[in-house]
Amino acid sequence: MCEVLDYAPAMLPDDRPRYLMGVGKPIDLVEAVARGVDMFDCVLPTRSGRHGQAWTWEGSINLKNARFAEDQDPLEPDSACPASRDYSKAYLHHLVKSEEILGQVLLSWHNLFFYQNLIAAMRQAILEGRFETFRRDFAAAQRMP
């Protein structure tokens with residue numbers, strides 16, 4: 001994807017938005033913006049949520065993993081999103097493992113909120129002329145699943 005994006009956006013009119021369909025991992029969005037993409041749509045935030053995966057500033061979390069069964073910390077304690085802030089990973093783990101629809105809803109909500117914040121953070125970094133630093137720091141903070 002990145003190899004194509006290294007040359008394809010330059011082939012499009014400068015006065016038109018550049019839309020990338022179906023690209024969804026947070027690091028892919030950051031890399032696409034670095035290459036000139038303006039808009040995205042993807043099912044990944046909600047699909048991930050339905051399957052027990054949460055996206056965070058440190059990377060993805062698979063809440064199906066047993067290591068979260070006793071974890072009383074929320075996904076993002078400082079988040080403005082109640083799904084991210086008000087439920088422990090242990091509770092989310094329980095919901096996911098029991099196949100309760102609430103787990104899918106909360107994780108989808110969290111993921112959509114995270115993606116909105118990621119896009120807003122990229123916009124701010126671009127406006128402040130520090131996108132390359134944001135890009136480097138974001139990539140460094142993402143742990144591999």
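The values are calculated or read from the model by the stated rules, or taken from the named source; none is laboratory data. All of these numbers come straight from a predicted model, not from anything done at the bench. Cβ coordinates were reconstructed from backbone atoms using ideal geometry, including for glycine residues, and neighbour counts include every protein chain displayed. All accessible areas refer to the heavy atoms of the entire protein, side chains included, with ligands and DNA or RNA removed. Shrake-Rupley method; radii C 1.70, N 1.55, O 1.52, S 1.80 Å.
Brief remarks follow.
- Filter result for Arg18 (in contact with a Pro (Cβ under 8 Å, 6 or more places away or on another chain), over 19 Å from Asn117 (Cα atoms) and not acidic (Asp, Glu)): yes
- Residue within the range 137-145 that is in contact with a helix residue (DSSP H, G or I) (Cβ under 7 Å, 6 or more places away or on another chain), at pLDDT below 95 and either within 14 Å of Ala54 (Cα to Cα) or not aliphatic (A, V, I, L, M) (or both) present: yes
- Top-ranked residue in the range 84-109 [being under 18 Å from the mean Cα position of the chain (by Cα) and farther than 14 Å from Leu63 by Cα; ranked as most open to solvent (accessible area, probe 1.4 Å)]: Trp109
- Restricting the range 1-34 to residues that are of a type in the set (Lys, Arg) and either out of contact with any Ser or Thr (no Cβ under 9 Å at 6 or more places or on another chain) or assigned to a strand (DSSP E or B) (or both), the residue that is surrounded by the most Cβ atoms within 10 Å (Cβ to Cβ) is Arg18.
Per-residue answers, yes or no, for (1) of a type outside the set (Asp, Glu); (2) touching a residue at least 40 places away in the same chain (Cβ under 8 Å); (3) in contact with a His (Cβ under 7 Å, 6 or more places away or on another chain); (4) under 22 Å from Asp38 (Cα atoms):
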site	(1), (2), (3), (4)
Ala54	yes, yes, yes, no
Phe68	yes, no, yes, no
Leu75	yes, no, yes, no
Pro82	yes, no, no, no
Lys89	yes, no, no, no
Val96	yes, yes, no, no
Phe114	yes, yes, no, yes
Ala139	yes, yes, no, yes
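- Residue ID - nearest to Ala120 (Cα to Cα), chosen from residues in the range 35-83 that are open to solvent by less than 80 Å² (accessible area, probe 1.4 Å) and among the acidic types (Asp, Glu): Asp41
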